[in-house]
1. Answer with yes or no whether residue 200 is crowded, with 20+ Cβ neighbours inside 10 Å and either under 26 Å from residue 92 (Cβ atoms) or polar (S, T, N, Q) (or both).
2. For region 325-345, enumerate the residues that are surrounded by fewer than 13 Cβ atoms within 10 Å (Cβ to Cβ) and outside any loop (DSSP other than H, G, I, E, B).
3. On the basis of being modelled with pLDDT of 95 or more, more than 27 Å from residue 71 (Cβ to Cβ), open to solvent by 30 Å² or more (accessible area, probe 1.4 Å) and within 26 Å of the chain's Cα centre (by Cα), does residue 152 make the cut?
4. Kindly indicate whether residue 381 is β-branched (Val, Ile, Thr) and either more than 30 Å from residue 237 (Cα to Cα) or out of contact with any strand residue (DSSP E or B) (no Cβ under 9 Å at 6 or more places or on another chain) (or both).
5. Which residue pairs have Cβ atoms under 6 Å apart, sit 6 or more places apart or on different chains, and have a first residue in region 98-120 that is farther than 28 Å from residue 132 by Cα and at pLDDT 95 or above and a second that is open to solvent by 10 Å² or more (accessible area, probe 1.4 Å) and in a strand (DSSP E or B)?
6. Name the residues in region 260-285 that are touching a residue at least 60 places away in the same chain (Cβ under 8 Å) and open to solvent by 30 Å² or more (accessible area, probe 1.4 Å), would you?
7. Criterion first (touching a Pro at 6+ places or on another chain (Cβ under 6 Å) and surrounded by 17 or more Cβ atoms within 10 Å (Cβ to Cβ)) does residue 442 satisfy it?
8. Being under 19 Å from residue 78 (Cβ atoms), open to solvent by less than 10 Å² (accessible area, probe 1.4 Å) and not in a strand (DSSP E or B): is that true of residue 307 here?
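The values are calculated or read from the model by the stated rules, or taken from the named source; none is laboratory data. In this text the structure is predicted, and so the values were computed from the model without any measurement. Cβ placement follows ideal geometry from the backbone for every residue including glycine, while neighbour counts extend to all protein chains displayed. With ligands, DNA and RNA removed, areas are computed over all heavy atoms of the protein, side chains included. Shrake-Rupley method; radii C 1.70, N 1.55, O 1.52, S 1.80 Å.
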Amino acid sequence: MTPTAGPYAGTARLDATRRALELQALGDAPRIDLLVIGGGVTGAGVALDAASRGLRTVLVEARDLAFGTSRWSSKLVHGGLRYLASGRIKVARESAVERGVLMTRTAPHLIRALPQLVPLLPDLLRPGQAALIRTGFHAGDALRLGAGTPGVLLPRVRRIDAERTRRLVPAVRTAGLRGALVAHDGQLVDDARLVVALARTAAQYGASVLTRVRAEEVTGASARLVDALTGQEITVRAGAVVNATGVWAGEVDASIRLRPSRGTHLLVDAGLLGHPTAALTVPVPGSTSRFVFALPQQLGRVAIGLTDEDAPGPIPDEPQPSEAEVSFLLDTVNTALATALTRSDVRGAHAGLRPLIDTGDGSTADISREHAVLESPSGVVTVVGGKLTTYRRMAEDAVDAAVRLRGLPARTCWTARLPLVGAPGHRDSRPSPAGARTGGEVPASLLARHGGTAHEVLAAGESAPIAEGLDVTRAEVAYAVSHEGALDAVDVLDRRTRIGLVAADAERARKAVEEIVAETVAQRR
């Protein structure tokens, strides 16, 4: 019996029933081609790559999809400009190519073009810095052209006047404002939603996606899997094992040495910045390649980030920002604002750990963001480093290595042209309903989060908001349980809807979410 035999074969639906059936099937037939450990963006990408090549693939995640670093990003699909500025040509070019793949073929429904605006203020930029930034922006545009991403998706670099600057970022400081430099990059509506789409697409191609399952006693050919919900244990034999656990990679493979870097974001109400439609981009004093961004987000928030701090010691489940980072972010962004933000304006704060490869001394900001695929003495193939934008290439390289090292019978990778669930061209997606973007049949917010599966979401429940002031619908909560693998209310709040990014929002919505989760689970038994 294969993991996807029965009613779930060929479907992208993830739920508790499928999970139980696939665990049972795995116990009956515990030999597989590829075991993937880790349910973040890289692990989900590996599972999709392997399954779409015809390999019997199982992904196990000890907690939930996007539990770790993959839900704490800036939600930018970078073109690699920062890496170009620091001379990392390879990773810059790779980032631009992968951004183009995401925006044109695999996940255009989850990504929009975001203007990045650097205000031309006399005391914000050092002499010559505006020219340096303009040169960098044009170099980034050259990367876009080289990657084949059309200008209709990512407009060319331009300078705008002060009036246009204020329209894009109403809260910008106006004294001495001479306009702004504007470049465009890609922005995800939600990083965790990309992970869920990858996992669901992998499941549609035959992968078993098993959350709340720990991998223990891992070797290059086997692992003992423990179901955290029931205590059931299964020893699987695999043609290859890929460790895609990010900052926890050293816990699976002791030969891996990482140097985690903490990146922190603050969340404030978008109204405090006048509901900006562009990212305010503020140079970090003393740096030529680092900026603090004020990034418009869903649910009426603006995220202010990003830091880059050494994070030694044990890896926490949920890293916490330091007060020094909070102060740094507020102090830096305030240099460009007419009215300064204060600590009391911060509605939420979160931090993620980057799984950087330990290269010795120096600042974590100077460590390369290139990824690496390594084979441990036990035979485990580990993929580490990299960044969210380049997950697909990381996955391809990891599966290529596993296929080569273990002689697996796999087809050639084709994920660069494989649309994810909800994307145009995906076999279960439908065209956007008429009027959806203008307040018609489907709310624009729901369409932005689900794309071509929005019709399916609406069929799952009521279209009423889950709580006052939140545009997440009750149907989205039910759909998270019935189709997206959420097993409890915490999965829904923290990783399917992102309501949990602001604790006060989570408390307002929690009771209704718990009720809908219970009702949906009961209906599916």
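1. So residue 200 fails the test.
2. Once the filter is applied, which keeps residues that are surrounded by fewer than 13 Cβ atoms within 10 Å (Cβ to Cβ) and outside any loop (DSSP other than H, G, I, E, B), region 325-345 yields 327, 343, 344.
3. Spelling it out, residue 152 is indeed modelled with pLDDT of 95 or more, more than 27 Å from residue 71 (Cβ to Cβ), open to solvent by 30 Å² or more (accessible area, probe 1.4 Å) and within 26 Å of the chain's Cα centre (by Cα).
4. When the stated conditions are applied, residue 381 does not pass them.
5. Within 6 Å, the pairs are 102/111.
6. Scanning region 260-285 gives 262, 269, 272, 274, 275, 277.
7. So residue 442 fits the description; yes.
8. Here the answer is yes, as residue 307 does meet what is asked.
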